[in-house]
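Report on the structure given below.
Laboratory data are not the source of any read-out in this text; all were calculated from the coordinates shown. On a predicted model such as this, the values are computed, not experimentally measured, just so you know. Cβ coordinates were reconstructed from backbone atoms using ideal geometry, including for glycine residues, and neighbour counts include every protein chain displayed.
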Amino acid sequence: MKTIAILNTKGGVGKTNTTRNIGRCLQKQGHQVVLGDTDPQKCLMEWRLKNVDNDQPCVVEIRSKADLLQTIADYEPENDFLVVDGLAADFQLTLAALKAADLVVLPFQASPDDMAFLEELVDLVKMVQTSRGDTLQAAFLLSNIDDGTVLLDVATDLLKEYHAIPLLDASIGHRQAYRKSAAAGGTVFDYFNDKKAQSEVNAVTGEILAMMEVIQKEVAHA
């Protein structure tokens, strides 16, 4: 089982939206997927309980490093992916998720507040990469974006300056389908049939899987 951590030390950047839609996309491609909810408000758990009879990935509560490690041990035999929705306010749990992950996706919005957190986020990832002594892969994901804004161009240029952490070509847009499908207990693959939103998630998931293949090849040749 591979662990994908959706992390940012700032809240409100689209981590939960990314987690549930990427997880569902992986599942629809034939993978066995479990989602990890680290938020005390149980956002993912509440979302899953809105429609308990559907076939979406199950959600597991993760409140500590011990919970995370136990979840990996319990679900690894029967699952291909664990996708963890990181909690911005808990530094220790964020650190534990970084250390356990095979791939870290860093959702980032084109806003001045997000840009202010950027250096802190990059330093944290680099610290874990150094301490692990291996090639922890990480990538930025532009999330909740409005096309054609000046801030989007600024954010894109800024993220590309951090060469050690690439920016995914695909992005997640500011679309009502994400909010409406979440409110109904589903994803953009289950409700409202927004083809553009589905295409976005498919493209992001495709890039993630491509990075995972690179990781597997590096491990195999190590």
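Label separation (residue 132 vs residue 76): 1.4 nm, computed from points 7 Å beyond Cα along the C-beta direction.
Classify the chain from the C-alpha gyration tensor, please: rounded if a/c falls under 1.5, else prolate or oblate depending on whether a/b exceeds b/c. Verdict is rounded for the chain.
Using only side-chain charges placed at the Cβ, +1 for Lys and Arg and -1 for Asp and Glu, the dipole size of the stretch 1-115 relative to its Cα centre rounds to 200 debye. The charge dipole of the stretch 1-44, taken about the Cα centre with unit charges on the Cβ atoms of Lys, Arg (+1) and Asp, Glu (-1), comes to about 120 debye, rounded to the nearest 20.
Taking 7 Å steps out from each Cα toward its Cβ at residue 53 and residue 191 produces label points 1.6 nm apart.
Summing Cβ point charges (Lys, Arg +1; Asp, Glu -1) relative to the Cα centre of the chain gives a dipole of roughly 340 debye. Where a ≥ b ≥ c are the square roots of the eigenvalues of the C-alpha gyration tensor, would you call the stretch 26-73 rounded, which needs a/c under 1.5, or, failing that, prolate if a/b is larger than b/c, or oblate? Cα axes put the stretch 26-73 in the oblate bin.
Ordering 98, 14, 25 by the projection of their Cα atoms onto the charge dipole of the chain, which places +1 on the Cβ of Lys and Arg and -1 on the Cβ of Asp and Glu, puts 25 at the extreme positive end. Under the simplified labelling scheme, the residue 184-residue 119 pair shows an inter-label distance of 4.5 nm, with each label point 7 Å from Cα along Cα→Cβ.
Packing, taken as the mean count of other beta carbons within 10 Å per residue, orders the peptides 32-40, 203-211, 17-25, 49-57 from highest to lowest as 17-25, 32-40, 203-211, 49-57. Distant-in-sequence amide contacts of residue 3, defined by a placed amide H-H separation under 5 Å and a gap of 5 or more residues or a different chain, comprise 82, 102, 103.
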